[in-house]
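Chemist: My questions will all concern the structure given below.
Every number in this text was worked out from the coordinates using simple rules, so none of it is lab data. Here the structure is a predicted model, which means the values were calculated and not measured.
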Amino acid sequence: MHFGCGPVSRCRLASYRVVQPQRMAVALIGAATFLLLAHDARPGGTPPVHIVVIQGVTFVPGSLTVKRGERVKWINKDPFPHTVTAHGVFDSHRIAAGATWTYAAHKLGVYEYTCTLHPNMKAILQVQ
Ligand SMILES: [Cu+2]
């Protein structure tokens, strides 16, 4: 038996109305958290910043695709300098140990870049 809320269908409607805003809130919080984690988003609508870590004489990730206008920040976690160099497109020059370098990706294309100090280091930045 149901107490006080008539036919079963009305009970379901009532409980649906109560639960739905909570679900919405949880979904919004989840989405916001994801965006913050994924893009290092900042208030004010600035474009996302993508992170490439330089560690163990390697760019991680080795291949990254971004949208035009977004920024890419390289973080050198090695105890010695590196560069982020796509000849004729962008060049960080020496990024000291523990330092970072940020590039605003305004030029469309697929760029293979390297470290001029360690020519075996190669990675790809695609700007679309
Ligand atoms: Cu290097």
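Chemist: Relative contact order for the range 49-127: what is it in percent, counting Cα pairs under 8 Å that are at least 6 residues apart?
Modeler: For the range 49-127, the relative contact order is 34 percent.
Chemist: Here is a further query. Using the Kirkwood radius built from alpha carbon pairs, what does the Stokes-Einstein equation give as D for the range 49-127 at 20 °C and 1.002 mPa s, in µm² per second?
Modeler: The Stokes-Einstein estimate is 176 µm²/s.
Chemist: Please report the antiparallel percentage of DSSP beta bridges with both residues in the range 49-127, rounded to the nearest 5.
Modeler: 65 percent
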